[in-house]
Amino acid sequence: MTHSEKPIQSRLLSAFSGSCQDYPPIWLMRQAGRYLPEYREVRAKAGSFLDLCYSPKYAAEVALQPIRRFDLDAAILFSDILVIPDGLGQMTRFDEGVGPVLLRLEGPDDFSLLSLTRMETHLVPVYQTVADLRATLPREVALIGFSGAPWTLATYMLEGKSSREFALAKYWAYVRQEDFAHLVDILVEAVVLHLSLQVKAGAQVLQIFDSWAGVLDDWGFRRWVEEPIARITARLKRDFPEVPILVFARGAGAQFDGLAGRIGADGLALDSMVPLAWARDVVQPQTLIQGNLDPAILRIGGPAMDRAVNDILTAWKGGRFIFNLGHGILPDTPPQHVAALVRLIRESGKATK
Ligand code: CP3
């Protein structure tokens, strides 16, 4: 074996096998984004947010920015969960100061217009970005690919925008179950295809974002969060058994108990509301956990952050664990707080040696 073929295991990938580590790997949800001045510069050059997502040159550039600035263990593809509806043919835009705006799906006739073939073609630049990133990143920095989960994607596709009450999505989920199941079937196929193409292009870890998992009742959670994700992971595990899958089911609460087993995940990303001692005793013995600093505390920084980070490290120490936030970085977070956070995590290893 020549030197260049020698496998260098990234800290992030070894966390899944539970190999003993001095300090946990760290990456942050939304680590590329508006809190970085260099992101805002590229974003202005690229045009619209979706233009940025579909430009391999600019998308790879912004994904690399946090890696250059901070000592992070993973890069995440720069894209968005809503490239799936856009790729499937549903009109999708991001309006300045508003967020996502989609031409909302009104019923089964609209569902049947969604096209997987169109998506595969439309998202070629996204898979090119993955390939370019893997070719550029140092081997010890893992590359994470991602997708939205069917339930969270469906909320945007049916509401046409970010929602607080999910009146339309819940109407379909609880009343028009058969029709909704048809939409979810299409999204299961779309997510499997999207994630498979990312793995083929070089993604080494996958994260599935179900940001709105926590707004469903017990039955809804099993039917529309667990069942579709379990179908997705089963398909991916068959084709790519070596690629770990993380699931971010935000707000799942007590449902985190046993969740990894029920959905076939290799790790669970926890939100900041989850009680640490409970998660350590109940969830961590079942699976790797990732999380869960409150992004608002990262924005505050200083002693408040020192306290929160220490609580988290104390709780998770000894088990399988990746340090992260409980949700994405807030746009007005000072970048030096991120640098300070990474330092705290690295130094935690020295302190316990
Ligand atoms: O660095 C990374 O984490 C990778 C890129 C990434 C983005 N969005 C870029 C982005 C990832 C993984 C996402 C996931 C995403 N997108 C989720 C799931 C995670 C979560 O936050 O709950 C959701 C629900 C979306 C949908 C979305 N995208 C919304 C609601 C918005 C508008 C709100 C906002 O923050 O602006 C976006 C836009 C978006 N996605 C931005 C970025 C960097 C900001 C766009 C800009 O530059 O104007």
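A short reminder: the numbers here are calculations on the coordinates, not readings from a lab. Keep in mind it's a predicted model, so treat the numbers as computed, not measured. All Cβ positions, even for glycine, are placed from backbone atoms using ideal geometry, and neighbour counts span all protein chains on display.
Pairs of lysine in region 11-351 with Cα under 17 Å and at least 8 positions apart or on different chains: total?
Value for region 11-351: 4.
Residue by residue through region 108-124, which ³J(HN,Hα) values in whole Hz follow from phi under the Karplus form 6.51 cos²θ - 1.76 cosθ + 1.60 (θ = phi - 60°), with glycine and proline marked x?
Along region 108-124, the couplings run x, 5, 5, 4, 6, 7, 5, 10, 5, 5, 4, 4, 4, 6, 4, 9, 3 Hz.
Would you list 218, 239, 73 from fewest to most Cβ contacts within 10 Å?
Ordered from fewest to most neighbouring Cβ atoms within 10 Å, 218, 239, 73 come out as 218, 239, 73.
How much of the DSSP beta bridge set in the chain is antiparallel, as a percent to the nearest 5?
Expressed as a percentage, antiparallel bridges in the chain total about 15.
Quick check on the chain: helices-only [θ] at 222 nm, where DSSP H runs of length 4 and up contribute -39,500 (n - 2.57) each and the sum goes over total residues. Nearest 500, please.
My calculation for the chain gives -14000 deg cm²/dmol from helical runs alone.
Work out the length of the dipole vector of region 11-351 about its Cα centre, built from +1 on the beta-carbon of each Lys and Arg and -1 on the beta-carbon of each Asp and Glu, and round it to the nearest 20 debye.
Around 800 debye, computed over region 11-351.
Given +1 on the Cβ of Lys and Arg, -1 on the Cβ of Asp and Glu, and no further charges, what dipole in debye does region 7-161 carry about its Cα centre, rounded to the nearest 20?
Numbers: 15 positive and 18 negative charges, 73 e Å.
So the dipole magnitude of region 7-161 works out to roughly 360 debye.
Ratio to report: Rg/Rh of the chain, with Cα atoms as the point set and Rh obtained by the Kirkwood method; give two decimals.
Result for the chain is an Rg/Rh of 0.94.
Tell me which of 191, 17, 147 sits at the most positive position along the dipole axis of the chain, charges placed on C-beta atoms (Lys, Arg +1; Asp, Glu -1).
My answer, from the dipole projection, is 17.
Between exposed GluC sites (Glu not before Pro) in the chain, where DSSP calls loop and at most 15 other Cβ atoms lie within 10 Å, what's the longest gap? Could you put the intermediate results ahead of the total?
Numbers: sites that count: 96, 106, 140, 165, 242.
It works out to 243-353.
Relative contact order, percent, of region 198-286 when contacts are C-alpha pairs under 8 Å separated by at least 6 residues?
Computed over region 198-286, the figure is 33 percent.
Looking only at 291, 99, 328, which one moves most when the chain is put into a Gaussian network model with springs between Cα atoms under 10 Å?
99
Pick out, from 219, 123, 111, the residue whose Cα sits farthest towards the positive end of the charge dipole of the chain, with +1 on the Cβ of Lys and Arg and -1 on the Cβ of Asp and Glu.
Going by the charge dipole, the pick is 123.
Roughly what angle does helix 56-69 make with the longest principal axis of the chain, taking Cα atoms, 0 to 90 degrees, to the nearest 10?
That helix lies at roughly 30 degrees to the long axis.
Taking amide H positions as placed in the peptide plane 1.01 Å from N, state which residues far from residue 269 in sequence (5 or more) or on other chains have amide H under 5 Å from it.
247, 248, 249, 290
Pick from 326, 261, 33: which is most flexible by mean-square fluctuation in a GNM of the chain where alpha carbon atoms under 10 Å apart are linked?
Maximum fluctuation in the GNM of the chain, among the listed residues, is at 261.
Just want the answer: with Cβ charges of +1 for Lys and Arg and -1 for Asp and Glu, which residue in 274, 54, 202 is farthest toward the dipole's positive end in region 11-351?
202
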